[in-house]
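Asks: Just dropping this structure here.
The values are calculated or read from the model by the stated rules, or taken from the named source; none is laboratory data. Computed from a predicted model, the values in this text were never measured in an experiment. All Cβ positions, even for glycine, are placed from backbone atoms using ideal geometry, and neighbour counts span all protein chains on display. With ligands, DNA and RNA removed, areas are computed over all heavy atoms of the protein, side chains included. Shrake-Rupley method; radii C 1.70, N 1.55, O 1.52, S 1.80 Å.
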Amino acid sequence: MSPVFAILAAMTLASAIAAMSFRKLVHSALSMILTFSGLASIYLHLNAQFVGLVQVLVYVGAVAILVVFAILLTRDSTRDSSVRSLAKSWLTGLLVAGAVFGTLAAAILGSRALDRAAPQAAEITVKKIGEQLMTRYVIPLEVVALLLTAAMIGAVIIAMREKEGK
Amino acid sequence: MNPLHQYLLFSALLFSVGLAGALTRRNAILVLIGVELMLNAANLNFIAFWRYSPNPEALNGVMFVIFSIAIAAAEAAVGLALIISIYRHYKTTNVDEVNELKG
C-alpha cells in the first residue's frame, strides 16, 4: 500500500465517519467537506486530474455551500439538543450497513479478475476530454445540460415560499 | 492484495459509512449527506477501474464520473429544496416526524 494512499484513505474515512456521527449539523457539514477534499486528492493520486478538480469545484464548492445554507434555513432553535439524533431502528441500520460491507468485501477479495497491474498512466489532457465531450459524448452532454436546467427550475419552484390563501 | 483491491475496499467502506448514516440519522440533511457519500464511493470505483483498465486512453470511466457528478449536483439541489420546503410545512427536518403525504 502506498503511503500516500494510506494517509488519504485514513483521513477520508475518519472524516466520513465523523460526518455521520457528529451531533451538530454544522460540524457534520465541515467533516463532509473534508471527506470530499480527500476524495479529490485520491482522484489526483489516481491520475484523474480533471475529475479531481471537478470534485473540488462541484462538491467542495457548490454542494457544501448548498448544505450549509440548508442547515442555516432549517435550524430548530426551539428544540433542545438533548433529543435523540438517531432513528429508532439505528441498530438495524448499522447491521444492514455492516452486512453490505461484508458482502462487498467478500466479493472484492474473492475475485480473481482484479489481479492486474496498473498500465502506464495515460496522458489525459483537458483537450482530449473536451474533444470527446463534443464528439462521442455530445448527446449525453446535451441531456445533462437539459437535466441541470430542469433541476434548477424545479429546485427554485419547490423551495419558493407558498403564498398564503392562494 | 494489489492496489485495485485496496481502492475497491476503501470505496466499499465509504459506501457502508454513507449507508449507515443514511439509515440511522434522523435529520434529513444528514440522510442526504449519507447519500452523497454513497454516490462518491461509486465514483471512486469508476475511477479506480478506469485507472487499472487495459485501455485507459478510452476515457470511459472519466466521462462516466463527470456525468455522474453533474447528476449528483442536480440531485443535491432538488433534495435540499425539498428539505427546505418540508421544513416550512412541518417546522422540522426530522424524517421520523414527517409521516404523512397530505399535510
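Asks: If we keep just the residues of region B:29-64 that are farther than 30 Å from A:Ile65 by Cβ and in a loop (DSSP other than H, G, I, E, B), which is most open to solvent (accessible area, probe 1.4 Å)?
Replies: Per the criteria, the residue is B:Pro54.
Asks: In the set A:Ala118, A:Ala155, A:Ala105, which member is without any contact (Cβ under 8 Å) to a residue 60 or more places away in the chain, among the aliphatic types (A, V, I, L, M), part of a loop (DSSP other than H, G, I, E, B) and in contact with a helix residue (DSSP H, G or I) (Cβ under 8 Å, 6 or more places away or on another chain)?
Replies: Only one candidate passes the filter, namely A:Ala118.
Asks: Okay, next question. Quickly run through region A:121-141 and pick out the residues that are open to solvent by 50 Å² or more (accessible area, probe 1.4 Å), assigned to a loop (DSSP other than H, G, I, E, B) and not charged (D, E, K, R).
Replies: Result: A:Thr125, A:Thr135.
Asks: For region B:65-103, how many residues meet the condition of being over 15 Å from the mean Cα position of the chain (by Cα) and either open to solvent by less than 20 Å² (accessible area, probe 1.4 Å) or not small (Gly, Ala, Ser) (or both)?
Replies: Of the residues in region B:65-103, 21 are over 15 Å from the mean Cα position of the chain (by Cα) and either open to solvent by less than 20 Å² (accessible area, probe 1.4 Å) or not small (Gly, Ala, Ser) (or both).
Asks: For region A:84-102, what are the residues that are among the small types (Gly, Ala, Ser) and either assigned to a helix (DSSP H, G or I) or in the same structural domain as A:Ser21 (by TED's automatic domain parsing) (or both)?
Replies: Listed by number, the residues that qualify are A:Gly93, A:Ala97, A:Gly98, A:Ala99, A:Gly102.
Asks: For residues in region B:4-14 being at the interface with another protein chain (Cβ under 7 Å from one of its Cβ atoms) and of a type outside the set (S, T, N, Q), which is most open to solvent (accessible area, probe 1.4 Å)?
Replies: B:Leu13
Asks: Okay, moving on. Looking at the structure I just gave you, is A:Val67 more than 8 Å from chain B (Cβ to nearest Cβ), in a helix (DSSP H, G or I) and on the phi < 0 side of the Ramachandran plot?
Replies: For A:Val67, the condition - more than 8 Å from chain B (Cβ to nearest Cβ), in a helix (DSSP H, G or I) and on the phi < 0 side of the Ramachandran plot - is not met.
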